[in-house]
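I have placed the structure first, in the form of structure tokens, so that the comments after it can refer back to it.
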Amino acid sequence: MNALVLFSGGLDSTTSLAIAKSMGYKITALTINYKQRHDYEIIASKKILSNYPDVKHIIFDIDLTKIGGSALTDSSLDVPTEESTGIPITYVPARNTIFLSIAASYAETLKIKDIFIGVNAIDYSGYPDCRPEFITSFEKMINLGTKSASEGSPFKILTPLVSMTKSEIINTGIKLGVDYSATVSCYSLSKSGEACGNCDSCKFRKKGFLDAGIDDPTLYKK
């Protein structure tokens, strides 16, 4: 039983990978280096997977700075530290559509039917491509447009975290032996991997550990 796990080295994707392992899957982890604001998460993904020697790791390079439109891919845009109305500027246009398309291509080539993605629609920034209806629609689309599905081997996109709070995600990961100290969530990491503590992602992470009653192992900027 094989699975492809979209893996950023973040809290959610690491928990998603641990869940997939607990289900007995043989895993290929796909990390997409999209020239994001910081490349420390690529370093983190390698560090985390050193604890999972049986997981095959693929790093796929793509340059989304050519599209821009997000504080994560355009250095002229600042990552907000205050809560904003609507979808925040850290939204990367069609990111999960792009990522899942790449994942589906690899899965078809590797003859893998199950794709895991750590999207969450509870404690999140309101990104439209993290919602269950988006995942359902995308799954239908790839099963209409791929050779594998048309020949009787359809894909399944699994989202084990989609309806969980951040504290529930953390507690689940702790039970599965996840070491969260190596994971990264911050949108404005320093070059040495220190989190800003003020962006949306940091705030959700902080609150998640607080609500879970677990010490936050994150290294924050002083």
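Contact map, the stretch 201-216: first residue within 18 Å of Ser8 (Cβ to Cβ) and touching a residue at least 12 places away in the same chain (Cβ under 8 Å), second residue small (Gly, Ala, Ser) and part of a helix (DSSP H, G or I), Cβ cut-off under 7 Å, separation 6 or more or different chains; pairs are Gly208/Ser167.
The rows are residues; the columns are (1) surrounded by 14 or more Cβ atoms within 10 Å (Cβ to Cβ); (2) under 17 Å from the mean Cα position of the chain (by Cα); (3) farther than 28 Å from Val178 by Cα.
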site	(1), (2), (3)
Ala44	yes, yes, no
Ser50	no, no, no
Arg95	yes, yes, no
Ser137	no, no, yes
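Residues being under 22 Å from Ile58 (Cα atoms), of a type in the set (Gly, Ala, Ser), over 20 Å from the mean Cα position of the chain (by Cα) and surrounded by 17 or more Cβ atoms within 10 Å (Cβ to Cβ) are entirely absent from the stretch 117-133.
Once the stretch 52-83 is narrowed to residues that are among the polar types (S, T, N, Q) and surrounded by 14 or more Cβ atoms within 10 Å (Cβ to Cβ), the residue that is farthest from Val184 (Cα to Cα) is Thr65.
Is it true that Lys206 is surrounded by fewer than 19 Cβ atoms within 10 Å (Cβ to Cβ) and part of a loop (DSSP other than H, G, I, E, B)? For Lys206, the condition - surrounded by fewer than 19 Cβ atoms within 10 Å (Cβ to Cβ) and part of a loop (DSSP other than H, G, I, E, B) - is not met. All told, Ala104 meets the bar of being among the small types (Gly, Ala, Ser), surrounded by 14 or more Cβ atoms within 10 Å (Cβ to Cβ) and in contact with a Ser or Thr (Cβ under 7 Å, 6 or more places away or on another chain).
Among the conditions (1) of a type outside the set (Ser, Thr, Tyr); (2) farther than 20 Å from Leu4 by Cα; (3) free of Cβ contacts under 8 Å to residues at least 12 places away in the same chain, the only one that Gly145 does not satisfy is (2). When the stretch 1-42 is filtered for residues that are modelled with pLDDT under 95, assigned to a loop (DSSP other than H, G, I, E, B) and hydrophobic (A, V, I, L, M, F, W, C), only Met1 remains. Could you please let me know if Ser16 is more than 23 Å from Lys191 (Cα to Cα), over 15 Å from the mean Cα position of the chain (by Cα) and in contact (Cβ under 8 Å) with a residue 40 or more places away in the chain? No.
The values are calculated or read from the model by the stated rules, or taken from the named source; none is laboratory data. It should be emphasised that the depicted structure is a prediction, and the values quoted were computed from it without experimental measurement. Please note: Cβ atoms are built from the backbone with ideal geometry, for glycine as well, and neighbour counts cover all protein chains shown.
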